[in-house]
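Encoded as structure tokens, the structure appears first; notes follow it.
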Amino acid sequence: MKILSALNEDARRSSREIAETIGVSTGTVYNRMKRMTERGVIRGYIPLLNHTKTGYVFTILILIQVEGEYITDVEERLAATKEVMAVYDITGDFDVALIAKFKTQASLNAFIKSVLKTPHIRRTVTSMVLNVVKEDPRIQT
């Protein structure tokens with residue numbers, strides 16, 4: 001957990017720097033990171049972007065009801081879209097929750113219309129984010 005916490009702060013840190021911080025050998029850090037990667041605990045290393053500054057000014061949340069046997073197919077189709085950041089299989093009145101980001105109103109409009117045309121979707125509710133209070137994929141360890 002100490003290694004993950006150190007990576008959460010700055011994934012560019014070297015094994016040596018992490019080892020010095022948490023008080024273990026560089027080899028131990030390297031081997032544990034390798035094992036966590038092999039087990040899928042660590043899926044990759046990416047920068048945390050300010051999406052607004054990169055031009056993605058529209059964030060939307062769509063709740064979707066899908067015909068039962070087609071949920072996985074619909075989720076996979078939506079997940080393949082480059083603007084889609086997250087697709088969740090959820091409980092409650094809806095089956096799928098989707099979060100996506102767009103640079104233009106036109107691209108947002110086209111995406112929503114394509115979602116509505118997707119086979120086996122019964123109903124959608126779309127909300128646009130007005131203000132981001134917190135957006136951070138990291139869980140504090």
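The values are calculated or read from the model by the stated rules, or taken from the named source; none is laboratory data. These numbers were taken from a predicted model, which means no experiment stands behind them. Virtual Cβ from ideal backbone geometry, glycine too; neighbours counted across all protein chains shown.
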The number of residues in segment 91-141 that are over 15 Å from the mean Cα position of the chain (by Cα) and assigned to a loop (DSSP other than H, G, I, E, B) is 17
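How about segment 60-90: which of its residues are assigned to a strand (DSSP E or B) and among the β-branched types (Val, Ile, Thr)? Working first, answer last.
As a first pass, look at segment 60-90 and keep what is assigned to a strand (DSSP E or B): 60-66, 84-89.
Of everything in segment 60-90, those that are assigned to a strand (DSSP E or B) and among the β-branched types (Val, Ile, Thr) turn out to be ILE60, ILE62, ILE64, VAL66, VAL84, VAL87.
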(1) outside the structural domain of ARG123 (by TED's automatic domain parsing); (2) surrounded by 10 or more Cβ atoms within 10 Å (Cβ to Cβ) all hold for PRO47 apart from (2)
Log entry, pairs with first residue in segment 97-125 being in contact (Cβ under 8 Å) with a residue 12 or more places away in the chain, second being basic (Lys, Arg), beta carbons closer than 7 Å, six or more apart or on different chains, reads THR118/ARG77
When segment 76-86 is checked residue by residue, the ones that are more than 17 Å from PHE58 (Cα to Cα), surrounded by 11 or more Cβ atoms within 10 Å (Cβ to Cβ) and without any contact (Cβ under 8 Å) to a residue 24 or more places away in the chain are ALA79
